[in-house]
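Please read the structure below before turning to the comments.
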Amino acid sequence: MSNMQLDTLRRIVQEINASTSLHESLDIMVNQVAEAMHVDVCSIYLLDERNQRYLLMASKGLNPESVGHVSLHTGEGLVGLVGQREEIVNLDNAPKHERFLFVPETGEEIYNSFLGVPVMYRRKVMGVLVVQNKESHDFSEAAESFLVTLCAQLSGVIAHTHAFGTIDVFRKPSNLPAYKTFQGVSGSGGIALGRAVVLYPPADLAAVPDREAEDISEELELLDQALESVRNEIQSLDDKMQDALMAEERALFSVFLRMLDENALPAEIKEIIRDGNWAQGAVRIVIENHIALFAQMEDDYLRERVSDLKDLGRRILAYLQEADSSHRELTDESILIGEEISTAALVELPVDKIAAIVTTEGAMNSHMVIVARALGIPTVVGVTELPINALDDVEMIVDAHQGRVFTNPPRRLRTRYKEIQKEEELIAKDLKQYETKDAITPDGVAVKLFVNTGLMIDVVRGVQRGAKGVGLYRSEIPFMLRDRFPGEEEQRAIYRQQLSHFANKPVVMRTLDIGADKDLPYFSIEEENSALGWRGIRFTLDHPEIFSSQIRAMLKASIGLNNLHILLPMITSVSEVEEALYLLDRDWIAVQEEEQVKINKPKIGIMVEVPSVLLQIEEFSELVDFFSVGSNDLTQYLLAVDRNNPRVANVYSNYHPAVLRALTRLVKECHTYEKPISICGEMAGDPLSATLLMAMGFNTLSMSSSNILRVRKAICHIPMTDAQELLARALKMDNPLIVKSMMEYYFKTHGLEDMVKPSTRIVSA
């Protein structure tokens, strides 16, 4: 494109972004495009999915009375052809084309040249942009490029309008959002039907004006009362969660209390009050000053403190305003929605009445999500297009298995999800009998099922459900839930709890695995491509003091129990293992000398999650005692797809031929070198893929506690011979969808339909 075209493009995009409605945006585009390209006609047709028609929504050059009235079926005319092909159609004599459709209302029979460009959003046709001329000629490549670029901009505007369903672009405005589907990231699995409760701050700091204090001593007294109330409130929340969360998981409350120390925020607020401002204004000034200071520093830890400061300021203000924070009455069907819901805001509510949580921001490993997961609350985060302010008391369905949210769902969809809920309840009752059973196939093959842990609730449920050990202890979680690196003794106490609960059973503890989507709030790692960056063993080898502190704590925790296994994450090369083994040996000798006790040397394993390891099994076998597959990352790296990105979620699949073939070869190699091989990713917790893993010959499958009984039931009903036959067929297939369909068909035809993951049984509305 020429500089002139780029300037024109920039101007049009700016005007569209400044417009107040979709209709205004469309009018701007057709008029500006017609003028810039010197064409006789520019029109925009939008796809009405409900009626499967393209509706003329704006036009410069066609009969104005036809706008909003003329429509074409998706299979009709040149517009329909553009939509079907999902590509540009450029014609110099459109009326002679076999797909040309004469529509008298528009007057288009006199136009010969036709250029139609599809408006696409995430592989989906949203509409068609058309330009026409009376003169017969082909439009240039520059013209095509210009319109394609504009359509890419327009698609976002249309998608945004659809998402914020306060209006239906094809019908009269409505105050209520229509049925919509939103995609986010699953934080904690489950299904919920209910009504949205918008969780908003109880007080608005920004709205507080400055005001001269009438009585300074009275304002100081009001502040003291408010501060004391907030301290008591936070302490009460901390006490409330003692049984549900460990101390390190409740560290946020300690942060709040330290901020409320008389020498901290209160001292600054009182100084401003003494200068003559009233208490509410003084709170606002101090909080805003700290927020501005921390925001300028652009540090992740300090940004986290900004969030805490805002929350704390609102709490103080609420008491000053005599606000009653208990006004939110929740029912068993309450679905909490908000931009970002803090842990404190979550636990102050009756958690047994929270059906689900949905946020527009946040990540799957945020503090709030970790707590929600521990409490068993279905959670979806990162639903960026969710129109929060328009959804209060709106009926919703949350499918946290798929990370999907439905607003104002139709009756058929509600009925189907209610059926699935009942099915899950019946399944849960049926699965109780498998708590005391061993995972043995009908033809006598035993499979070891371990549990993945991080929080204490995972440990309790794992023991209850008969896990034979811990296949993966995520040691990073205690680090993520603190505001600093935990000391050696703190770590020892945490690890001792894990090891003690599984006495006489192996506990595989992964060394600190941070980076990518697992950030520490106090140690920011800023990278353009974090998944390929400074993470796992790469970080800990660069910080041997952190690595050694953790190893020493693990070794001390294992004294007298002797069930510790150590797992090294994100291994890429032999040299990394050699360096780690040197540090491990050094610390093992040192701890024994310090404690004056003999400690059994733990078995050392590496995670198979980087493709390079697949090609070096022989070399690694000489150094380590076992291998453990991290299927989440291995699949991500094999397929070059970000599993947390909804735009490419359809590319990520555990059933991909490359994944299945790689794992099969890996198991064979490990058996050749007589090394145990386990798997601890999401594949192990899905009965369908677990069946294939069993057939491959994995020694151990490790999964979340919520999946143990489902997988055990499947194993108890599927002969190893059948599993091996299914694997043989799967390895010959070239499409992951076909592999998955084959597995689902087997389960459904062998009395295991209830084991098919709920997300695969949803009927679209």
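Please give the calculated 222 nm ellipticity per residue for the chain, where each DSSP H segment of at least 4 residues contributes -39500 (n - 2.57) and the sum is spread over every residue; nearest 500 deg cm²/dmol? Mind dumping the intermediate values first?
Details: 27 runs with 336 residues, N = 765.
Helices in the chain give a 222 nm mean residue ellipticity of -14000 deg cm²/dmol.
Can you give the relative contact order of the chain as a percent, counting alpha carbon pairs under 8 Å and 6+ residues apart?
Values: 1370 pairs, mean separation 77.0, N = 765.
Reported relative contact order: 10 percent.
Which distance in Å, rounded to a whole number, links the C-alpha centroids of the stretch 60-112 and the stretch 257-283?
After rounding, the separation between the Cα centres reads 68 Å.
Please report the net charge: other residues with Cβ closer than 9 Å to the Cβ of Glu669, K and R +1, D and E -1. Working shown, then result.
Values: positive: Arg665, Lys668, Lys675; negative: Glu618.
The answer is +2.
To the nearest 10 degrees, how steep is helix 544-557 against the longest Cα principal axis of the chain, on a 0 to 90 scale?
That works out to roughly 50 degrees.
Quick one: helix 488-501 against the long Cα principal axis of the chain, what's the angle to the nearest 10°, folded into 0 to 90?
Taking Cα atoms only, the helix is inclined about 90 degrees.
Each residue of the stretch 24-35 in turn: what ³J(HN,Hα) in whole Hz from Karplus with 6.51, -1.76, 1.60 and θ = phi - 60°, glycine and Pro shown as x?
Per-residue couplings from phi come out as 5, 4, 5, 5, 4, 5, 5, 6, 5, 5, 4, 5 Hz.
Listed here are the pairs Lys124/Lys180; Lys240/Lys353; Lys240/Lys422; Lys448/Lys675; Lys432/Lys668; Lys432/Lys740; which of them are more than 23 Å apart at the Cα? Numbers along the way, then the final one.
Values: Lys124/Lys180 15 Å; Lys240/Lys353 15 Å; Lys240/Lys422 31 Å; Lys448/Lys675 16 Å; Lys432/Lys668 35 Å; Lys432/Lys740 27 Å.
Exceeds cut-off: Lys240/Lys422; Lys432/Lys668; Lys432/Lys740.
Rank these for me by crowding, Met742, Met241, Met456, going from fewest to most other beta carbons within 10 Å.
Numbers: Met742 16, Met241 22, Met456 19.
Placing the least packed residue first, the sequence is Met742, Met456, Met241.
Please compute the net charge surrounding Lys468, taking Lys and Arg as +1 and Asp and Glu as -1 over other residues with Cβ under 11 Å from its Cβ.
Local net charge: +3.
Report ³J(HN,Hα) in whole Hz for each residue of the stretch 221-228, in order, from the Karplus equation J = 6.51 cos²θ - 1.76 cosθ + 1.60 where θ = phi - 60°; Gly and Pro get x.
5, 4, 5, 4, 5, 5, 4, 5
All other residues with a Cβ under 13 Å from the Cβ of Val119 taken together, and with Lys, Arg as +1 and Asp, Glu as -1, what is their net charge?
Working: positive: Arg122, Arg123, Lys124; negative: Glu86, Glu87.
Taking every Cβ under 13 Å from that of Val119, the sum is +1.
Between helix 279-297 and the chain, what is the angle of the helix's C-alpha long axis to the longest principal axis, kept within 0 to 90° and rounded to the nearest 10?
Its long axis makes an angle of about 90 degrees.
Compute the FRET efficiency between Glu594 and Glu424 as 1/(1 + (r/R0)^6), taking r as their Cβ-Cβ distance and R0 = 45 Å, and round to the nearest 0.05. Please report the intermediate quantities before stating the final value.
Values: r = 51 Å, r/R0 = 1.13.
Efficiency, from the Cβ-Cβ distance: 0.35.
Please list the non-local residues whose amide H lies under 5 Å from the amide H of Phe485, H modeled 1.01 Å from N, same-chain partners needing a gap of 5 or more.
Close amide H contacts, sequence-distant or interchain: none at all.
Decide, for the stretch 622-740, between rounded, prolate and oblate: order the square roots of the alpha carbon gyration tensor eigenvalues as a ≥ b ≥ c, take rounded if a/c falls under 1.5, and otherwise choose prolate if a/b is larger than b/c, else oblate.
Numbers: a/c = 1.32, a/b = 1.15, b/c = 1.15.
It is rounded, given that a/c, with a ≥ b ≥ c, falls under 1.5.
Sort Phe479, Phe627, Phe406 so that the residue with the fewest other Cβ atoms within 10 Å of its own Cβ comes first and the one with the most comes last. Present the calculation step by step, with values, prior to reporting the outcome.
Numbers: Phe479 23, Phe627 26, Phe406 20.
Lowest count first: Phe406, Phe479, Phe627.
Label the chain by shape, choosing from rounded, prolate and oblate, from the square roots a ≥ b ≥ c of the eigenvalues of the Cα gyration tensor; if a/c is under 1.5 it is rounded, and otherwise prolate applies when a/b is larger than b/c, oblate when it is not.
Numbers: a/c = 1.95, a/b = 1.26, b/c = 1.55.
Verdict is oblate for the chain.
Under a straight-distance cross-link criterion of Cα-Cα below 20 Å, which aspartates and glutamates are reachable from Lys418, leaving out those fewer than 8 residues away in the same chain?
Hits, sequence-local ones excluded: Asp332, Glu333, Asp352, Asp393, Glu395, Asp399, Asp430, Glu753, Asp754.
Please rank Cys716, Cys151, fewest neighbouring Cβ atoms within 10 Å first, as an exposure proxy. If you can, show how the numbers build up before the last one.
Values: Cys716 15, Cys151 22.
Ranking Cys716, Cys151 by Cβ neighbours within 10 Å, fewest first, gives Cys716, Cys151.
Quick one: Karplus J couplings for the stretch 697-707, per residue in order, coefficients 6.51, -1.76, 1.60, θ = phi - 60°, nearest Hz, x for Gly and Pro?
The phi angles translate into x, 4, 6, 9, 10, 10, 8, 5, 4, 5, 9 Hz.
Each reported figure results from applying straightforward, stated rules to the coordinates on display, with no laboratory input. Remember, predicted model here, so these are calculated numbers, not experimental data. Cβ atoms come from the backbone with ideal geometry, glycine included; neighbour counts cover every protein chain shown.
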